[in-house]
């Protein structure tokens, strides 16, 4: 399966404040549905527009950055067999969303990946003997 990032622009949060409990409830229902389907990896909302950018030399520059037009308001990561399946999850959220495929990682993070890697390593060691 492949992981997809489903992200939400903070600017999409244009509903009246009194609707926030209903929007939050709808979002939590989608998370529960994705967990039940076994596709949920991780997700969350992000607070505010204050950002600290850390350069490779360790220098820290603090925001906010007024020239930034969009701010990430939240995200979900799902593990699904295809882009089409990821695109089916995105509209279940109460907010408009962008869907992006992640790079495949050589670092096994899922239990099934770790087991598969351990099995392959054992097979390779067995062949070398």
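Just so you know, all these numbers are worked out from the coordinates, no wet-lab data involved. In this text the structure is predicted, and so the values were computed from the model without any measurement. Neighbour counts run over all protein chains shown; Cβ positions are idealised from the backbone, glycine included.
This ranking places 15, 75 by how few other beta-carbon atoms lie within 10 Å of each, fewest first, which gives 15, 75. The fewest-to-most ranking of 2, 56, 61 by surrounding Cβ atoms within 10 Å reads 56, 61, 2. Evaluated over the Cα positions of the stretch 30-94, the convex hull gives a direction-averaged projected area, one quarter of its surface, of 6.4 nm².
Residues 120, 46 in ascending order of nearby Cβ atoms (within 10 Å, fewest first): 120, 46.
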